[in-house]
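Just below is one structure, and these are the notes that go with it.
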Amino acid sequence: MPCSASEVQIETLLNQLIRQLKSAEQWSVTPPNEWAMQSEAPFACDRMDFAQWLQFIFIPKMTSLLQAKLPLPERMTLLPMAQEWAKELKCDGQYTTAILGTISKIDLIFSDAPL
């Protein structure tokens, strides 16, 4: 369970991101295979698409850190990769806008900018 205001905000944004990915039909029922999960490329971009990376790597990792009360990353920038992924996304633009907005908010938490 998160305890600081930023941890609560992160948990809220992760849950929002899950709902948005599902609404955009970018939520997979089947996880990537073990080979894909072992990618060492940024965002596992050589073996899965960005939505899969969010679903099977990023969201579980962040959730695990929050639940274990472990330190969160100090800096993170997801939006540029998300924007590249969104260019190829074939869904209603409102979903893309919502997903990118949520990712932008996540990035902001992990930047030096004031919230």
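Worth a mention:
- GNM flexibility winner over the chain from 100, 65, 79 (Cα, springs under 10 Å): 65
- 10 Å Cβ shell holding at most 15 others, DSSP loop, GluC sites (Glu not before Pro): longest site-free stretch of the chain: 75-115
- The charge dipole of the stretch 1-108, taken about its Cα centre with unit charges on the Cβ atoms of Lys, Arg (+1), Asp and Glu (-1) only, comes to about 220 debye.
- A straight chain from residue 68 to residue 83 at 0.36 nm per residue would run longer than the Cα-Cα distance by 2.4 nm.
- Cα convex hull of the stretch 50-90 - mean projected area over all directions, nm²: 3.2
- Of the trypsin sites (Lys or Arg not before Pro) in the stretch 18-115, the ones in a loop by DSSP (not H, G, I, E or B) with at most 14 other beta carbons within 10 Å are 69, 75, 90.
- For a straight C-alpha distance cut-off of 15 angstrom, the aspartates and glutamates reachable from residue 90 (same-chain residues fewer than eight places away being disregarded) are 25, 49.
- Rg/Rh (Cα only; Kirkwood hydrodynamic radius) as it applies to the chain: 0.95
- Across the stretch 18-34, coupling constants 3J(HN,Hα) worked out from phi with the 6.51/-1.76/1.60 Karplus curve, θ = phi - 60°, read 4, 4, 5, 5, 5, 4, 7, 6, 10, 9, 8, 7, 9, x, x, 6, 4 Hz, and Gly and Pro carry x.
Bear in mind that the values in this text are calculations on the coordinates, not laboratory data. The structure presented is a predicted model; accordingly, all values stated were derived computationally and were not measured. Neighbour counts run over all protein chains shown; Cβ positions are idealised from the backbone, glycine included.
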